[in-house]
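The values are calculated or read from the model by the stated rules, or taken from the named source; none is laboratory data. A quick note: this is a predicted structure, and the numbers were derived from the prediction, not measured. All Cβ positions, glycine included, derive from the backbone under ideal geometry; neighbour counts span all protein chains shown. Side chains are part of the model used for accessible areas, which takes the heavy atoms of the whole protein and leaves out ligands, DNA and RNA. Shrake-Rupley method; radii C 1.70, N 1.55, O 1.52, S 1.80 Å.
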Amino acid sequence: MATKQKTLEWEYAPAPEAAKIAKVAKRYGHFINGKWTAPSSGDYFRTTNPATNKKLSEVADGSAADVNAAVKAARVAYEGPWGKMSGRERGKYIFRIARLMQERAREFAIIETLDGGKPIRESRDIDVPLAANHFFYNAGWADKLEYAFPNRKVSSLGVAGQVIPWNFPLLMAAWKIAPALATGNTVVLKPAETTPLTALKLAEIIADSGLPDGVVNIVTGAGETGAAIVNHPDVNKVAFTGSTGVGKLIQKSIAGTDKRATLELGGKAANIILEDAAIDQAVEGIVNGIYFNQGHVCCAGSRLFVQETVFEEVMWKLKRRMETLIVGDPLDKNTDVGAINSKEQLKTIQKYLKAGVEDGAEMFQPKCDLPSTGNWCSPTVFTNVAQSSRIAQEEIFGPVLAVQTFRTVPEVIEKANNTPYGLSAGVWSDKGARLFQISNALEAGVVWGNTYNQFDPASPFGGYKESGFGREGGLHGLAAYLDF
Ligand code: NAD
């Protein structure tokens, strides 16, 4: 697969990761009560490599009966060995899962890239290490909950039903499973239908760790399977990460029940560059915020606000940097921008590219040869974007940046907050006081100062407004699985 940069006088030699070490079975059942279980319907669906659209494996299509079996197993484990176990013993299992994940890190990174299309650099350096770190971090708290929440009597909630999206399949599974186990709950988790493989590989690790049967159950399927988990009467806590549209449906469906819920939903982050910012550093932050990982990031800095006085400089440097981005084989260690996760997502992105032009914005894409098979989109930037344009208002979830300018700080705060979302934002300035002033005024759960897309298991993450409620990570993430 070609990875060309036409504007450079030289090219990197291909450096593909050896896919052979990744063991992917031809077919996977559900992981229920510690056993691989065929779907009750007998139906399976394909999961494909978005870089080639070739089949990787087939996985079980979960029915309500399968979900019921998984919830039953989780309940029995909760009432039985897991519920009775001390925090100290629970912690040992969670540490074991973290260490097993580290041992198999390379295999996990390759499978994440094969199934999801993200560059191996991302899976290898971000997704897998961070996922292991979430298990380590939460393992450490399992026997210290009374110190985490002093003077409060805490207890677990019961069975957690967890549904996750396709953009960080393993990391989202870790965000959900690790705190649930540390706090003594049991789990039924459903990965996204286009990226089920690393959650199923995680099931292998869970089995190897000796975790009692039924504590973690993985059921695969699409939206209906997710709905069956969320609506199951014996699920005590719903943890959902995905689109705002589905989040709203879930909120409606559990209204009036006593289920606890955390919803981590969509975003339309503002990345704000002030005139006193270190411009080269800021340009790298813009690229990291929207182009690496194809913009398949809920907190992607998809709206860029540049102070008018530095607009020309920022755009010149950004376009030059975009010309050097390597788009292509996600398994190649040099690749910056991988494949779009699915044909459907590519169609959505293309619809927005058209909408941007129709709404009067100016589109720029660097010259790069896209591979002839698979799902690809060139890194794209729009300038001259109206605040009302669809590309400035709606979540695109692709490598597409909408740039606007501003003159004053109050103006940019108003523009940045003019969105239904409130997940994340970035501010670039030489003055700490300005960073604090602006970040306090931004309606976003996470604001990065002079950096972008930094994550740590100890730091809570989550949104306001239509980006959802509840936090994952840190003590806030643990609290979401506890009754006080
Ligand atoms: P999606 O909402 O289409 O699907 C997410 C998951 O929900 C999938 O597993 C899907 O099968 C399941 N699902 C679909 N319909 C359902 C229903 N009616 N009931 C229960 N489950 C159902 O989202 P997606 O396209 O997979 O992921 C992209 C979205 O996720 C983006 O909007 C992105 O911003 C968001 N996201 C948010 C965060 C965050 O932390 N806030 C993190 C990652 C992704």
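Straight-line cross-link partners of Lys465 among the lysines, defined as a Cα under 20 Å from its Cα and at least 8 positions apart when in the same chain: Lys248, Lys252, Lys268, Lys415. Where a ≥ b ≥ c are the square roots of the eigenvalues of the C-alpha gyration tensor, would you call segment 47-155 rounded, which needs a/c under 1.5, or, failing that, prolate if a/b is larger than b/c, or oblate? Taking the square roots of the gyration eigenvalues as a ≥ b ≥ c, segment 47-155 is oblate. Computed from the Cβ-Cβ distance with R0 of 30 Å, the FRET efficiency linking Ala278 to Ala19 stands at 0.15. Lys354 sits with roughly 130 Å² accessible to a 1.4 Å probe, with DNA, RNA and ligands left out of the calculation. Dipole magnitude for segment 158-297: about 540 debye, using +1 per Lys or Arg Cβ and -1 per Asp or Glu Cβ, origin at the Cα centre. For the chain, the Cβ-based charge dipole about the Cα centre amounts to some 1080 debye (Lys, Arg positive; Asp, Glu negative; other atoms uncharged). Ligands, DNA and RNA left out, the 1.4 Å accessible surface of the chain is 52% carbon and sulfur atoms. Where does the chain land on the Kirkwood hydrodynamic radius, alpha-carbon pairs, in angstrom? About 22.9 Å for the chain.
Considering only DSSP beta bridges with both partners in segment 270-449, what is the antiparallel share in %, to the nearest 5? About 10 percent, rounded to the nearest 5. Every Cα-Cα pair of segment 270-449 was included, and the share exceeding 26 Å stands at 25 percent.
Once the chain from Thr324 to Thr373 is taken as fully extended at 0.36 nm per residue, the excess over their C-alpha distance is 15.5 nm. Straight-distance candidates among the lysines for linking to Lys92, with alpha-carbon spacing under 25 Å and chain neighbours fewer than 8 residues away dropped: Lys35, Lys72, Lys84, Lys144, Lys153, Lys176, Lys190, Lys201, Lys237. The label point for Ala222 and the one for Lys54, both projected 7 Å from the Cα toward the Cβ, are 2.5 nm apart. For segment 391-456, which trypsin sites (Lys or Arg not before Pro) pass both filters: DSSP loop (anything but H, G, I, E, B) and at most 13 other C-beta atoms within 10 Å? Here the trypsin sites (Lys or Arg not before Pro) that fit, given the DSSP loop and packing criteria, are Arg407, Lys431.
Spin-label pair Val154-Trp316: with each label point 7 Å from Cα along the Cα-Cβ axis, the two points sit 5.4 nm from one another. Which is farthest toward the positive dipole end of segment 270-449 among His296, Ala277, Gln437, measuring Cα position about the Cα centre, with Cβ charges +1 (Lys, Arg) and -1 (Asp, Glu)? Of His296, Ala277, Gln437, it is His296. Is the shape of segment 184-224 rounded, prolate or oblate, going by the alpha carbon gyration tensor and its root eigenvalues a ≥ b ≥ c, with a/c under 1.5 for rounded and a/b larger than b/c for prolate? Verdict is oblate for segment 184-224. In the chain, the DSSP beta bridges split such that about 35 percent are antiparallel, to the nearest 5.
Other residues with beta-carbon under 12 Å from the beta-carbon of Ala180 carry, at +1 per Lys or Arg and -1 per Asp or Glu, a net charge of +3.
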